[in-house]
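Inspection log for the structure reproduced underneath, given as structure tokens.
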Amino acid sequence: MDDVKLDNKRVLVRVDFNSPMDPSGNILDDKRIKSHLDTLRALEDCRVVLMAHQSRAGKKDYTTMEAHARSATRLLRRDVTYVDDIFGSHAQKAIKSLIPGEVLLLENTRFYAEENMNRTPADHAKSHMVKKLAPLFDLFINDAFAVSHRSHCSVVGFTEVLPSIAGLLMDREITALDRGLKGDEHPAVYSLGGTKVDDSIKVIEHVLQRGGADKILTSGVVATVFMMAAGIDVGEANRKFVEDQEYLEQIPLATRLLADYPDKISIPLDVALNKDGKRVEVSVTAIPKDLPIADIGLETIVDYSKELKDARITVMNGPAGVFEQDKFRLGTSELLKAAAESGYSIAGGGHSVAAIDQLGLESKFSHVSMGGGASITYLSGEPLPGIEALKSSARRMRKA
């Protein structure tokens with residue numbers, strides 16, 4: 001945003017206001033709306049129109065943006081006017097009548113079917129949404145890192161036809177995640193847990209190939225797969241869970257990574273099992289066939305915590321166990337507390353962010369990513385369409 005003159009511009013901003021909502025349509029957590037405040041405050045002399053989505057078709061919280069406008073009004077301390085239209089005559093009239101300092105929030109972009117199609121920026125630029133709205137603006141800002149892993153119309157379509165830049169939140173997300181990826185600071189420790197094994201394995205492969213991590217600490221279902229890859233008998237209950245999640249095909253990949261990087265990837269020494277709701281800790285060499293793994297054990301917690309505390313940089317993604325249950329929260333909470341004491345701490349993923357909230361640790365982390373799926377895609381080295389579209393726009397602007 002420092003690269004362009006903003007005063008009095010007509011600005012279209014893609015934000016991510018997608019929030020947890022109760023059945024009555026009230027927003028339960030306004031963190032994502034809050035995350036855009038710096039960008040919106042920097043545009044206080046502009047005519048500002050916001051595009052956002054809430055949930056997706058078929059979900060109970062797939063609803064209008066009316067509550068989000070109320071929440072943004074309260075947080076920004078300026079009126080954010082909700083318009084129940086995306087690009088029709090009602091929306092166009094409201095946009096044309098804006099004066100500097102005013103802010104509009106358009107209707108849920110996903111109410112428009114073409115929004116959700118994964119098309120190229122050039123194809124999206126031909127859509128009704130872009131053709132109707134683009135002539136009304138001087139500038140497009142993408143501040144929605146969390147949806148930039150999707151090649152959706154409101155994310156990439158306007159970059160073809162309007163000067164386009166990254167917002168302050170987008171800039172912060174990229175800068176922080178790049179610091180985790182670069183491998184300039186050592187030791188760099190990644191803690192990867194949760195259930196998304198395929199995503200975590202992509203991250204592990206990418207960061208180890210580029211020398212961005214000195215140690216990978218595995219937990220959750222990620223650890224179960226790596227234990228199986230190491231030849232450990234995890235018991236029939238856990239093997240069946242991995243099979244049901246369709247992660248058996250990840251075992252050969254994990255086996256190869258353990259062979260290629262034998263000193264870099266840590267698997268648990270012990271685990272906590274769920275025995276009729278009670279926490280039972282056993283060595284990984286003594287896992288019974290019928291009990292599910294629900295957390296890492298105390299010996300592993302101590303070992304992993306020391307690695308995290310001593311690190312110059314830490315990247316956390318995914319819980320260490322079933323942290324929603326009190327008996328199996330210990331691993332997740334202790335690892336997060338340890339990471340918060342490292343030199344520079346980054347956390348991403350919905351469950352990790354929820355756990356950080358519950359523990360009141362947000363202020364102690366250097367960066368808590370709002371990105372969810374986008375942050376793990378970025379860490380795995382895959383290009384994000386929203387960011388690539390901004391790069392292409394910047395190249396065109398420089399040539400012009």
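If Rh is defined by the Kirkwood formula over all Cα pairs and Rg also comes from Cα, what ratio Rg/Rh do you get for the stretch 314-387? The Rg/Rh ratio comes out at 0.99. Taking the Cα centre of the stretch 241-400 as origin and assigning +1 to Lys and Arg Cβ atoms and -1 to Asp and Glu Cβ atoms, the resulting dipole is close to 960 debye.
The charge dipole of the stretch 131-212, taken about its Cα centre with unit charges on the Cβ of Lys, Arg, Asp and Glu (plus for the first two, minus for the last two), comes to roughly 220 debye. Hull volume per residue, based on the alpha-carbon atoms of the stretch 95-204 and their convex hull, is 161 Å³. Largest GNM mean-square fluctuation among 21, 227, 65, using the chain with Cα springs under 10 Å: 21.
Evaluated over the Cα positions of the chain, the convex hull gives a direction-averaged projected area, one quarter of its surface, of 20.0 nm². In this rough spin-label picture, where each label sits 7 Å from Cα along the Cβ direction, the residue 123-residue 363 distance is 4.8 nm.
Modelled spin-label separation between residue 309 and residue 256, with each label point placed 7 Å from Cα along the Cα-to-Cβ direction: 3.8 nm. In the chain, taking the dipole from charged Cβ atoms about the Cα centre, the farthest positive-side position among 266, 394, 304 is held by 394.
For the stretch 193-346, the convex hull drawn through the C-alpha positions has a volume of 98 cubic angstrom per residue. Rounded to the nearest 0.05, what FRET efficiency is calculated for residue 93 and residue 263 with R0 set to 60 Å and r the Cβ-Cβ distance? My answer for the efficiency is 0.40. For the chain, hydrophobic long helices are taken as DSSP H runs at least 20 Å long by C-alpha position along their axis with mean Kyte-Doolittle hydropathy of -1.0 or more; these are 168-182, 385-399.
The percentage of C-alpha pairs in the stretch 86-141 whose separation is greater than 15 Å is 53%.
Note on residue 85 and residue 185: with the Förster distance fixed at 51 Å, the Cβ-Cβ geometry gives a FRET efficiency of about 0.60.
For the pair residue 57 and residue 3 in one chain, pulling the backbone fully straight at 0.36 nm per residue adds 15.7 nm over the alpha carbon distance.
Check the straight Cα-Cα distances from residue 34 and name the lysines below 20 Å, setting aside those fewer than 8 residues away within the same chain. Once the sequence-local lysines are set aside, what remains near residue 34 is 364.
Computed from label points 7 Å out along Cα-Cβ, the spacing between residue 73 and residue 116 is 2.9 nm. The H on the amide N of residue 81, modeled in the peptide plane, is under 5 Å from the matching H of 103, 104, 105, each at least 5 residues off or on a different chain.
When Rg is the radius of gyration of the Cα atoms in the stretch 302-346 and Rh is its Kirkwood radius, what does Rg/Rh come to? Reported Rg/Rh (Cα atoms, Kirkwood Rh): 0.99.
Measuring nothing but protein heavy atoms, the accessible surface of the chain at 1.4 Å probe radius is 48 percent carbon and sulfur. Calculated from the alpha-carbon coordinates, the stretch 1-110 shows an Rg and a Dmax of 13.7, 43 Å respectively.
Efficiency by 1/(1 + (r/R0)^6): what FRET value for residue 64 and residue 399, r their Cβ-Cβ distance, R0 = 41 Å, to the nearest 0.05?
After rounding, the FRET efficiency stands at 0.50.
Would you kindly calculate the translational diffusion coefficient of the stretch 268-400, applying Stokes-Einstein with the Kirkwood radius from alpha carbon pairs, for 25 °C and a viscosity of 0.890 mPa s, and quote it in µm² s⁻¹ without decimals? Once the numbers are plugged in, D ends up at 148 µm²/s.
Given the pairs 9/96; 59/93; 31/309, which span a C-alpha to C-alpha distance of over 22 angstrom in this model? Pairs exceeding 22 Å: 59/93; 31/309. For the stretch 110-155, a/c is not less than 1.5, where a ≥ b ≥ c are the root eigenvalues of the C-alpha gyration tensor, and a/b does not top b/c. That puts it in the oblate class.
The values are calculated or read from the model by the stated rules, or taken from the named source; none is laboratory data. Computed from a prediction, not measured in an experiment: that's the story for all the values here. Positions of Cβ are backbone-derived with ideal geometry, glycine not excepted, and every protein chain shown enters the neighbour counts. Calculation scope for accessible area: heavy atoms of the full protein, side chains included, ligands and nucleic acids excluded. Shrake-Rupley method; radii C 1.70, N 1.55, O 1.52, S 1.80 Å.
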